[in-house]
Amino acid sequence: MSDYIAATTHIDTDTSSLVFDSEGYYVVGDDKWQDITFTATMVYQGGNIGIAPRIYDTNMYMFLTIRNEDTDDSATEAIAFADLSAQVTYDTYSIGQVKLAPLIVGTEYTFVVEIVGTNYKISLNEVVIFNIAYPGMPKGKVGVYATAGNKCKSIQVDSLFADGWTSNASSIPGGIVSIRELEDENKYLYLSSKSAPSL
C-alpha cells in the first residue's frame, strides 16, 4: 500500500453524520498543522473504523485502525485490536498494537489525539491506548477512516492554527467545515451539514 484512498461519502441529513459509501479516508486540514488536539466520533456499523492522526502527504501518513478479531473457536472470548502504523512512501511500519473489547454495532467510539511536538497521546473513549514519540511527521492534516456503512458523527480540531489553513470539505456534497475562534484565541474546526443547527 502506498497512497491512501479517499472514501466516497455523503451527509446523512437525518443525523448530520458523514456516511462512508466506500472504504477509505476523509481528510481535513492542511500539511502545516503542528500541535493539535484532534477529536473524532465514529458510529460503528461493522467492518473497520479508525483515524489518521497525521497526514503529511498521500503516501506519508500515520493511521490507526480498529477491527474485531474473527475466531473459529466459539469458546474463545471475542476481542478487537487497535493497530497503529505509519506509511512512508512505499513501506508500512507497525508502531504498535493494543487488544480491546470487541466493537459493538451502533456504538459511538470517540478518538482523541493530542499531538505536542513529536509526542502522540491517543485515547479511545477516554482510555489512553497509545502514548508515543514519533518524529517522522512533525506536521500534517488529520483524517478519519472506515469501511463502507460506518458513520463519522463529528470531527473537531483544536489548535492555534496558522493563517491560511485549507480544507477539502467543498468536495463533499453538503459538507461544511467552519472555523470558530473563542475567547482564549484557540480556533476550533467543525464538520457539519447544511441541515445541522448553527452553534
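Where a number appears in this text, it was derived from the coordinates with a stated rule and is not lab data. A quick note: this is a predicted structure, and the numbers were derived from the prediction, not measured. Cβ placement follows ideal geometry from the backbone for every residue including glycine, while neighbour counts extend to all protein chains displayed.
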Handout entry: Virtual spin-label span in nm between residue 92 and residue 105, 7 Å along Cα→Cβ
Key = 2.6
Practice task
Give the long-range amide H neighbours of residue 6: residues separated by 5 or more places, or on another chain, with amide H under 5 Å away, using H modelled in the peptide plane at 1.01 Å from N.
Solution key: 25
Fill in the blank from the handout: Note, the range 53-61: 3J(HN,Hα) by Karplus (6.51, -1.76, 1.60, θ = phi - 60°), whole Hz, Gly/Pro = x, goes x, 8, 10, 8, 8, 4, 10, 9, 7
Handout entry: J(HN,Hα) series, the range 32-38, from Karplus relation 6.51 cos²θ - 1.76 cosθ + 1.60, nearest Hz, glycine and proline x
Key = 9, 5, 10, 6, 9, 10, 10
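Explain nothing, just the number: relative contact order of the range 20-110, from Cα pairs under 8 Å at least 6 residues apart, as a whole percent.
Details: 143 pairs, mean separation 24.8, N = 91.
The value is 27 percent.
All other residues with a Cβ under 12 Å from the Cβ of residue 59 taken together, and with Lys, Arg as +1 and Asp, Glu as -1, what is their net charge? Please report the intermediate quantities before stating the final value.
Details: positive: none; negative: 3, 57, 91.
That works out to -3.
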Completion exercise
Highest mean packing first, using Cβ neighbours within 10 angstrom, the peptides 111-121, 148-158, 96-106 sort as 148-158, 111-121, 96-106
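Report the percentage of all Cα-Cα pairs in the range 11-166 whose separation exceeds 23 Å, rounded to a whole percent.
Values: 4307 of 12090 pairs.
Tail fraction, whole percent: 36.
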Handout entry: Long-range HN-HN contacts of residue 17 with modeled amide H, under 5 Å
Key = 12
